[in-house]
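Comments concern the structure below.
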There are 2 protein chains.
Amino acid sequence: MKILTVDGLQQLISRVGIDAFFDLTRDRLEQDFGRWHHFQKSPRHAVHYPYGVIELMPCADDEFYAFKYVNGHPYNTQQGRLCVIGLGLLADAKSGYPLLFSEMTLLTAIRTAAVAALGAKYLARADCQHLAVIGNGAQSEFQVTMLRRQLPLTTVSFFDPDGRAMEKFANNLGSADLSLKACDSIQDAVSGADLIVTATAAKQANDLIEPKWLAPGVHIHAMGGDCPGKTELGQRLLGQSKIVVEYLPQSLLEGEMQNMAPDNLYGELWQLVDGSLPGRENDTEITLFDSVGFALEDYSILRLVLELLESVDYGDLCLTQPMVPPLADPKNLYGLLSG
Amino acid sequence: MKILTVDGLQQLISRVGIDAFFDLTRDRLEQDFGRWHHFQKSPRHAVHYPYGVIELMPCADDEFYAFKYVNGHPYNTQQGRLCVIGLGLLADAKSGYPLLFSEMTLLTAIRTAAVAALGAKYLARADCQHLAVIGNGAQSEFQVTMLRRQLPLTTVSFFDPDGRAMEKFANNLGSADLSLKACDSIQDAVSGADLIVTATAAKQANDLIEPKWLAPGVHIHAMGGDCPGKTELGQRLLGQSKIVVEYLPQSLLEGEMQNMAPDNLYGELWQLVDGSLPGRENDTEITLFDSVGFALEDYSILRLVLELLESVDYGDLCLTQPMVPPLADPKNLYGLLSG
C-alpha cells in the first residue's frame, strides 16, 4: 500500500501548486456533497479524556472506504505539540484491501478550509470584502487562503488572546495582497465584517459574539465548536441566524446546535449543493454554517490524494510498503511463520 | 512514528521465537482482561456491503488508545486474496500522538488464537488431548499452535469442505508432534474430541454440530460467528452449553448469542480471569466460548509489539516515518506550506 508522509504531502502540494490543490479539494468536496445519498454515514466514534478526545471518522460509498484518526488535545500547545493530529486510510470497498495511509494533519486543515469555502459559496454574499478571523491558531491561515479563492476579499481583521498567534498569522499572510488589521477585541475585529470565521480552541461553552456587533447580511463560519460541551456562540445569535450544518446527527452532539432545538436548523450543506434548498436569499439575513468537520470531507481529500499519487507526475512522492501479506494461497497465512 | 510492515513482523516473530511470541501475547491478553474496568469499550463500528464488511475496532485506557481497521470479504479467496486483512494503530492517550502503525493481518491471527488459549485455560478440561478443528482456513493452524501451548494435545482431527485447505493444514502442522486425522465430515471430526474449534467463513446462520455427536465435558471454541447473521451453532447446542463471551453488547450483535436471549449467558471472559466467576466446574459440562474478537485483544498485542520495537534488540525491525508535522511553533501549521 502507498504511504504518504508529511514530507511527501508538502512536496505534492508544492508541485501541484497551493492554489490549484486548494481548488481541487474544494471542487471534490462539492462533487461529493452533491451525491450525499451515495455514502454510508455515521457520527464519529469518540473516546473522551479529561485532557482531550480521540476520534475515528469513517465514511464510505460502494467504491471506497475512508476513515480518519484524529485527536483534539487543547493543552498540547503548552508542550510545544499540535492540538490536532490526523492520519487517514483509504481502502477499496469491494475487497477491503487498503490503498493509502496518509498524514492527515495538513490534509485536515486543507479540507476544513475547503468546506468553509463551499459553505461561503452558498451562504455568504458574493461581494464579501471584509473577513474577520477570531482565533489565530493552526487552522486560521488556511481559512483565509481558501476563502479568498471563493470571494473578493480585500481586508482581514483578526483577534486572538495569544499575541504570538496573532503575530504568526500576520507573518504568514504578510505577502498576500490583503489589508491585515490586528484588533484588540472580538468586537473590534467583527465590526463591519461581511464574513466571520470563529476558530477558537477553548473546550467550553462560549458566547463570543453579541448580535448587536454585527452588520446586516453577515455570514458566520463557526468551526471551533466541534465536540460535546465546546461551543462558540450564544443562543441569541443562533436564534437570529439561518443555520446550516454538515450532518445533523453529529452536529447535535458536537456543534453550535448543541445549544438549540433541532427545529432551528435550516438545512444540511448537501441540500444547498444539490439545489434542493436555496442558500442565501437576500443581502440582510445572517447566515451561519455550524461546521464541525464531517468524515465525507476526509473521504474526498483522500481520494483526491490517491488519484494524484497514482498519476505518473506524482507517483514518486509516496512510499510503497508491504502492509498486507502477499500470499500465493490466501488460506495459507500460517505459512508466513513456518516458511 | 514507527511503521511495522509484514516483513518486519515476520522477522520480529522469528527473532523472538514463535512459541515465546505466542506466550507473551497470551499473557498480555490475560493481564488486560484482568483489568477490564480500566478500558473504554464499545462494539466495533461496521460498514456492511453485499460483498463484505469493513470495521473499526477501538479500545483505550488512560495510557494508550488502540484501534484496528479490519475487513471480512468471504469471496476474496476466489480471487486469490485474503478474506481478512488488518491494520492497527497505537497512540499515546495523553497527547493523541500516534506511536505505531502496524500490519495486523498476522497479529489478528495470533491474538485471535491467544484468546482461544485464554478461554481454554478457564473453560476446557486441563487434560484435553483431542482437538477437533472445523474449518481449515487462514486462522486454523494458529489455533492449534496456540492451544497446544495451553493443553497437552496429542491428536488433531480436522474437516473442511475445501480439500486443498485440509491439505495445507496438514502440511503446515506436519512437523508438529501431533497425530493428525483428516476427516470426511464434521461429525467424524468432532467424535470423541475434548476440545472443538469452529472456524468457518460462511456468512449465514449455520447449525454445524448436533449435540448428540459430542462427548461429555467438551469445550467448544466458536470463533467463526463474528458478524450479524453469521453464526455456526444451533439453539439446541447453545441451550445445553455454559456460554462465555468477550463483551456481551458486541456478541449480541455478532456472535452465537445472536440466536439466544441474553439471560442464557454465563459470563464474560474477564470475570473468569479476575476470579469473580468460576470457569469450568466439573468434567462433564459442555462449555462454549462464543468468541467474536474484541478490540481489547488488539490493544494488548499492539502494546506488546510496541514494547518489543522500543527495545534495543528489535528496534531495527520497524521503519520510522514523519507522519506528524514536527513544528517549532505548534500553531504554525500553515508554515509547512509557505516555508
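Going by amide H atoms built from the backbone, whose H comes under 5 Å of the H on B:Phe64, apart from near neighbours?
Result for B:Phe64 returns B:Ala93.
Evaluate peptide A:3-11: per residue, the Cβ atoms of other protein chains within 10 Å of its Cβ; return the mean as an integer.
4
Quick check of the Kirkwood formula: for the protein assembly as shown, what is the inverse mean of 1/r over all pairs of different Cα atoms, in Å?
Result for the protein assembly as shown stands at 26.6 Å.
Which of the residue pairs A:Lys331/B:Lys168; B:Lys168/B:Lys212; B:Lys212/B:Lys242 have a Cα-Cα distance greater than 18 Å in the structure shown?
The pairs that break the limit, which is 18 Å between Cα atoms, are B:Lys168/B:Lys212.
Hey, what number do you get for the protein assembly as shown at 222 nm if only DSSP H runs of n ≥ 4 count, each worth -39500 (n - 2.57), divided across all residues, to the nearest 500?
Value at 222 nm, helices only, nearest 500: -9000 deg cm²/dmol.
Using the Karplus curve 6.51 cos²θ - 1.76 cosθ + 1.60 with θ = phi - 60°, what ³J(HN,Hα) values do you get for each residue of segment B:15-24, in whole Hz, with x for Gly and Pro?
Karplus-based 3J(HN,Hα) across segment B:15-24 equals 6, 5, x, 4, 4, 5, 5, 5, 5, 4 Hz.
Taking each residue of B:91-104 in turn, how many C-beta atoms of other protein chains fall within 10 Å of its C-beta, and what is the average?
Mean partner-chain Cβ count within 10 Å for B:91-104: 6.
How far apart, in nm, are the 7 Å Cα→Cβ label points at B:Ser14 and A:Asn171?
According to this spin-label approximation, the distance is 4.9 nm.
Pull up the DSSP beta bridges for segment B:125-293 and report the antiparallel fraction as a percent, rounded to 5.
Here the share of antiparallel DSSP bridges comes out near 5 percent.
With a cut-off of 18 Å, note down the residues of segment A:305-339 whose backbone N falls inside the zone around a label point 7 Å from the Cα of B:Arg164 toward its beta carbon.
So the set is A:326-336.
Just order B:214-221, A:184-191 by mean Cβ neighbour count inside 10 Å, highest at the front, would you?
For the peptides B:214-221, A:184-191, the packing ranking is B:214-221, A:184-191.
Assuming R0 = 30 Å, can you tell me the calculated FRET efficiency for the pair B:Asp62 and B:Asn264, based on Cβ-Cβ distance, to the nearest 0.05?
Using R0 = 30 Å, I get an efficiency of 0.30.
Could you check what % of the DSSP bridge pairs in the protein assembly as shown are antiparallel, to the nearest 5?
The answer is about 45 percent antiparallel.
For segment B:68-84, what does the Karplus curve 6.51 cos²θ - 1.76 cosθ + 1.60, with θ = phi - 60°, yield as ³J(HN,Hα) per residue in whole Hz, taken in order and with x for Gly and Pro?
Per residue, the Karplus-derived 3J(HN,Hα) values read 10, 8, 8, 10, x, 10, x, 8, 4, 4, 4, 9, x, 10, 5, 6, 10 Hz.
Whole-Hz Karplus ³J(HN,Hα) for segment A:172-182, in order, using 6.51 cos²θ - 1.76 cosθ + 1.60 and θ = phi - 60°, x for Gly and Pro?
5, 9, x, 8, 6, 7, 9, 7, 9, 10, 6
Between beta-carbons, use under 12 Å as the cut-off and find the net charge around B:Asn172, counting Lys and Arg +1, Asp and Glu -1.
Value of the local net charge: -1.
In nm, to one decimal, how far is the A:Thr320 label point from the B:Glu310 one, both placed 7 Å along Cα→Cβ?
Result for the modelled spin labels: 3.4 nm.
Can you tell me the length gained on complete extension of the stretch B:Asp207 to B:Tyr49, counting 0.36 nm per residue apart and subtracting the Cα distance?
54.5 nm
In the P(r) worked out for segment A:87-202, what percent of Cα pairs fall beyond 20 Å?
Value for segment A:87-202 (Cα pairs over 20 Å): 45 percent.
If amide H atoms are built 1.01 Å from N in the plane of the peptide, which residues on other chains or at least 5 residues away come under 5 Å of the amide H of B:Arg35?
The list, which skips near neighbours in sequence, is empty: none.
Relative to the first principal axis of the alpha-carbon coordinates of chain B, what is the inclination of helix B:295-310, with its axis defined by its Cα atoms, in degrees from 0 to 90 and to the nearest 10?
Result, in degrees: 50.
Put a dot 7 Å past each Cα toward the Cβ at B:Ser191 and B:Thr155; how far apart are the dots in nm?
1.1 nm
For B:Ala193, what residues show an amide H to amide H distance below 5 Å, using hydrogens built from the backbone and excluding near sequence neighbours?
Amide H neighbours of B:Ala193, under 5 Å, 5+ apart: B:Ala215.
What are the label-to-label distances in nm, one decimal and shortest first, from A:Leu253 to the same spot in the other copies, with labels 7 Å along Cα to Cβ?
In ascending order, 1.2 nm.
Any read-out appearing in this document is the output of simple, stated calculations on the displayed coordinates, not a laboratory observation. Since this is a predicted model, take the numbers as computed values, not measurements. Counting neighbours? That spans all protein chains shown, and the Cβs are built from the backbone with ideal geometry, glycine included.
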